[in-house]
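Structure record follows, encoded as structure tokens.
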Amino acid sequence: MLKRKYKKVIFKLIRSLVDPLFKKNKKRVVLYASTGILDANLICVEAYLKAYHPEFEVIIIKGKHKLSIRNRLKALISFFTAYYLIVDHAIPRFLTNNKRKIYNVWHGIPLKTIRHFDDKRFKESFLDFESKNLNGLVCSSMLDMAVMSACFQVPPSRCILSGLPRNDLIFQGQLEWYEDAQEALLIEQLQGRKLVSWMPTYRGSWHENNEITGFSEPNECQLLDFLKANNAVLGVRPHKFSRLQPFPLLEAEGLLLDLKEYNVTNTVLKHTNILITDYSSVWLDYSIISSNICLYLYDAQLYDGERGMIYPLNTVFPGDISYDFNHLLMALNQSMASMGNNSPKGSALFFKYRDNNNTKRFVEAILDEKNS
């Protein structure tokens, strides 16, 4: 407790006495991944800036990484001198938006309660600090703007209605300003087989790294038969705050792909034929290009008591929801049978734009001289 108390005092002193001493460079942008993993939204912002705004120095800093004293000092100088700070989760506690601009690209359209809607998981001082120091917050639609404004307690005028940068990556074809070097590897691993992706969210708190166990051994046997019958493979991608159960039968048959090594989820979605997920908003991203989505809420009663939902899933999800494996297997067979016959759009409730210009809109908005 004393250590935490001292940290607060030190951060306050740095915010009020040290940071103001440094001149902010309007051509310097720091992209900060507080969880230690660079989110696809930040990856897109970095690539776009380097392609179309080479006059800017773009610096990436990842939290939760042990650095030498020299590199730690270098990172601090970068923080103190950058005019633009773009985060994907939390603002460093030793910085404010005094003489700089701070933006949050978040990491998805929230379906679960977050921030002020989930205040039992956060300290009031943290929530207030974040709200006070945000100059801009990315959002995807008018409804999403209203929700994000309420969750972060910032006025709608500070919400940037650009669409999520990462959704530029799910359309077929290459972007002029971005190429995922891992995409060719994924195509090679698939070997012409269909990809069924299992992408659940985490359970418990973010630091527990809980194992997600959605399938029993008999379930795995039935999955094996389904994949064999449809020339398909199961790709498993855990949330960065969790780990997934092993699938020894599928692995032994060569029908399992470990997708956690792929840095960009939306590259995987681009090549996914059927998506299985749960309470994660990843299905919203995927809904722009496909309606082959199976929502599998095998632990609904337990999860409902753990996290609240902003939207009732049965009202916003455009299909049937599976609460047990038998229903899921029926949904998988239906999706496989209807493949190629759907016309996805992405709901207008969640998407104002359905194109690959989200990153452009976001970056150009924050670089607009009127906002700087």
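The values are calculated or read from the model by the stated rules, or taken from the named source; none is laboratory data. All values derive from a computational prediction rather than experimental measurement. Positions of Cβ are generated from backbone atoms using ideal geometry, with glycine treated the same way; all protein chains shown enter the neighbour counts. These accessible areas exclude ligands, DNA and RNA; they are computed on the full protein's heavy atoms, side chains included. Shrake-Rupley method; radii C 1.70, N 1.55, O 1.52, S 1.80 Å.
Overview of results
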quantity: Built amide H within the under 5 Å cut-off of Ala90, gap 5+; calculated: Ser34
quantity: Solvent-accessible area, 1.4 Å probe, carbon plus sulfur percent, for the range 92-149; calculated: 56 percent
quantity: Accessible area per residue, Å², the range 262-372 with all protein chains present, probe 1.4 Å; calculated: 44 Å²
quantity: Kirkwood Rh and Cα Rg combined as Rg over Rh, evaluated for the range 1-115; calculated: 0.98
quantity: Tilt relative to the chain, helix 142-152 - C-alpha long axis, 0 to 90 degrees, to 10; calculated: 60 degrees
quantity: Cα centre as origin, Lys/Arg/Asp/Glu Cβ charges: the chain dipole, Debye; calculated: 2560 debye
quantity: Two-site FRET efficiency, Val9 against Asn71, from Cβ-Cβ distance with R₀ of 25 Å, rounded to 0.05; calculated: 0.50
quantity: Cα-derived Rg over Rh, computed across the chain with Rh taken as Kirkwood radius; calculated: 0.98
quantity: Percent of alpha-carbon pairs separated by more than 21 Å within the range 84-150; calculated: 22 percent
quantity: Per-selection Kirkwood Rh - the range 231-299 (Cα, Å, 1 d.p.); calculated: 13.0 Å
